[in-house]
1. Just the C-alpha atoms of the chain: what Rg/Rh do they give, with Rh taken as the Kirkwood radius?
2. Among 130, 274, 100, which one shows the highest mean-square fluctuation when the chain is modelled as a Gaussian network with alpha-carbon springs under 10 Å?
3. Quick check: at a probe of 1.4 Å, how many percent of the accessible area of the chain sits on carbon and sulfur atoms?
4. How would 44, 229 line up by accessible area, probe 1.4 Å, largest first?
5. With only Lys, Arg, Asp and Glu charged, each at its Cβ (+1 for the first two, -1 for the last two), find how big the charge dipole of the chain is about the Cα centre; round to the nearest 20 debye.
6. Taking only DSSP H segments of four or more residues, each worth -39500 (n - 2.57), what value at 222 nm results for the chain once the sum is divided by all its residues, to the nearest 500 deg cm²/dmol?
7. Over the stretch 113-256, average the accessible area per residue using a 1.4 Å probe and give it in Å², no decimals.
8. Any idea of residue 328's accessible area? Nearest 10 Å², probe 1.4 Å.
Amino acid sequence: RALFGGAALVGGTAAATVWPATGAAAEDADARSGDDATVGSDTVPFEGVHQAGVVTAAQAFSTFAAYDLTVTEPRRVVGLLRILTDDIRRMTAGRAALADTAPELAATPARLTVTLGFGPGLFTTTGLTDRQPTGLTELPAFPAIDRLDPAWSGGDLLIKISADDPMIVAHAHRMLHKDTRPFTRLRWTQRGFLNARGAIAAGATGRNLMGQLDGTVNPSTDAELDSRVWAGADAGWFAGGTTLVLRRIRMDLDRWDELDPAAMDATIGRRQRDGSPLSGTREYDEPDFTVPDATGLPAIADFAHIKVARGDGPARQILRRPYNYDDTPTADGGSDSGQIFCSYQADIAAQFVPIQQRLAERDLFNQWTTPIGSAVFAIPPGSPADGYLGQGLFA
Ligand code: HEM
């Protein structure tokens, strides 16, 4: 569980816990701000069977950038992937990218990871459709809930940049964006955040912008990840890869605010206060859908988000790694906030789609959430030593 909590690996230098801090406490906290010197120097290994940034303890900041290819020849795409991999390898180790004019900014990687994804369009554009992983499929339409804006949807190539410091995310983004220019056209960029590192206890579940603990039920053991998230040996070049469904989901926070706390909890099936299921008392209590409430009805209603999402058991479980977004309020004064919902699974059609179909049909939560962007990507396995990300596809 600690693997997926918000802002894990915390340095234990929490400042004053009561706000506003006064007198000596305030001075103390002030003097201590910025003394967690390891945040900047921490690194996440680039090499590995899987790409970093999927099950890595979630970093506080992520930028997701999606591009369309403007080149079609596989050897040109290989050229792009080699350049990207070289710079990713450098920057995740705290070294400057090749053509970096501000190398000072690369010196504090703050657990930087960069994860590449291939949309279905990459396989068609390069004529490699026969090598498209079986787990990667376009989503069906969900007309009852989707209000998709093409400006937030699709893409041939995803670059996901995550770190505990927005400075390094911005810098790595600029370096990699420059790399892509001769080969691609930018499609969209989305920026998300979680709690700052150190703001909540190590391993604790983070909250989304509605205030709910979000991320309690997720596969976490190696056995669970191997069976539900990573593509197996039968996936050929894609073994060790995974797929990502990215949905930009807007929250109608202003209307949500009108609910009383009990209605909010009933909608999810868990208590906002501590994340406990309405059938239990603690966050990690197993939800029991047969336990009645005081009126004799099931404590977790049939329409509750966790009841509908859970469906037919753990075998189809997905790995949810959402980021929050909070943009400028709209012209009419409404909030523009929500979630960059990220779901990793071995097989989109077998795992994500049935869950989303059920939620689209009968999740009460749909009244306050609206998908406004949608994209799917194959996340290739880790790069071979001295090789490049996605190499197996072109071998
Ligand atoms: C559980 C929030 C969208 C699938 C939860 C929980 C919260 C939550 C608070 C309970 C705590 C937890 O286990 O993490 C949200 C919000 C969403 C959203 C705020 C959008 C803005 C989705 C979508 C899907 C999904 C689009 C899949 C298509 C699930 C699953 C669970 C879950 C599988 C765990 C259910 C179980 O207990 O087995 N979500 N969710 N959620 N959600 Fe969502």
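The values are calculated or read from the model by the stated rules, or taken from the named source; none is laboratory data. These figures come from a predicted structure and were not determined experimentally. Cβ: placed from backbone, ideal geometry, glycine included. Neighbour counts: every protein chain shown. Keep in mind that these areas ignore ligands, DNA and RNA; they rest on the heavy atoms of the full protein, side chains included. Shrake-Rupley method; radii C 1.70, N 1.55, O 1.52, S 1.80 Å.
1. Radius of gyration relative to Kirkwood radius: 0.97.
2. Between 130, 274, 100, it is 130 that shows the largest mean-square fluctuation.
3. About 55 percent, which is the carbon plus sulfur part of the accessible surface.
4. 44, 229
5. That gives the chain a dipole magnitude of about 940 debye.
6. Rounded to the nearest 500, it is -6500 deg cm²/dmol.
7. Averaged over the residues of the stretch 113-256, the accessible area is 40 Å².
8. 110
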